[in-house]
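A short write-up of the structure that comes next.
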Amino acid sequence: MRGIGASLVALLALLLLTGARDPILVPEVSQHEVNLQQGFTGTELLLFGAILTPEGARAAQDYDIIVVLKGPTQSVVLREKQKVAGVWINVASTELRSAPSYFAIASSKPIDRIVDDKTAAIYELGLKWLQLSPIGAIDPEEQQRFSAGLVELNRRNGLYREEEGGVKVSEQVLYQARIGLPSRVPTGIYTAETYAVYKGRVVASASSQVEVRKLGIERAIANFAENYGFAYGLLAVFVSVGMGWLAGRLFALI
């Protein structure tokens, strides 16, 4: 019994020492609120922080840093069109349960030089590792095609982005990354997740939040559309018809 007790004490001490070597991340964001108003053309967030030991001193090792900024997840219906007899028609569709409305990742090195594929998939460290979760049964090849199409579409719109080498680490202590938000950025609560990686293993993580919201007339219109969808649709039709009628009258007078 004495030998077992000594072994347990030694194991506990080893675990405590191992945990003590893992760093602590202290993250911060330049803006915790992004207000979308008339004339908003986009903005840039500075994600920064410190890498410290549990005692608050400078970390002794060189850690790789990965920063992920992710917007609210949403279900998305994707439709694939093909040209049949000269007409473009929908030939296939699928619904993805958990597509992020915005996704940006920045890293101190290329991801494949920091972690292996398994770790990248677990933490979704990259666009190709996003877990989009299709609803219902779907052929794996078809799922891959739809997922790649969604990623490419959002990449072109500036909503999905990857910045290899976008994280700068200074003196093994301070890190920073600049991530742009486009003018059409969706509203909601965004999560900024920071990972410290050492020898291919995620040894620490920390998160902070950013709220993207509309203000002024844009917020009033968005709330009206969300709470009174039918009335908003009728109003939109009436406005379109009225503008068309007014344009016709003006051209008739010219």
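A 1.4 Å probe run over the stretch 86-172, with the rest of the protein chains in place, finds 56 Å² accessible per residue. Projecting label points 7 angstrom from Cα along Cα→Cβ for V77 and S170 puts them 5.0 nm apart. Here the stretch 22-214 was treated as a single set of alpha-carbon atoms; its pair distances binned every 5 Å from 0 give 1, 7, 15, 17, 17, 14, 11, 8, 5, 2, 1, 1, 0, 0, 0 percent. Relative to a virtual label point 7 Å from the Cα of K128 in the Cα→beta-carbon direction, which members of the stretch 159-175 show backbone nitrogen distances below 15 Å? Residues 162-164 qualify, since their backbone N sits under 15 Å from the label point.
The values are calculated or read from the model by the stated rules, or taken from the named source; none is laboratory data. Model, not experiment: these values are computed from the prediction. Neighbour counts are summed over all protein chains in view; Cβ atoms, including those assigned to glycine, are modelled from backbone coordinates with ideal geometry. What goes into the accessible areas is simple: the full protein's heavy atoms, side chains included, and nothing from ligands, DNA or RNA. Shrake-Rupley method; radii C 1.70, N 1.55, O 1.52, S 1.80 Å.
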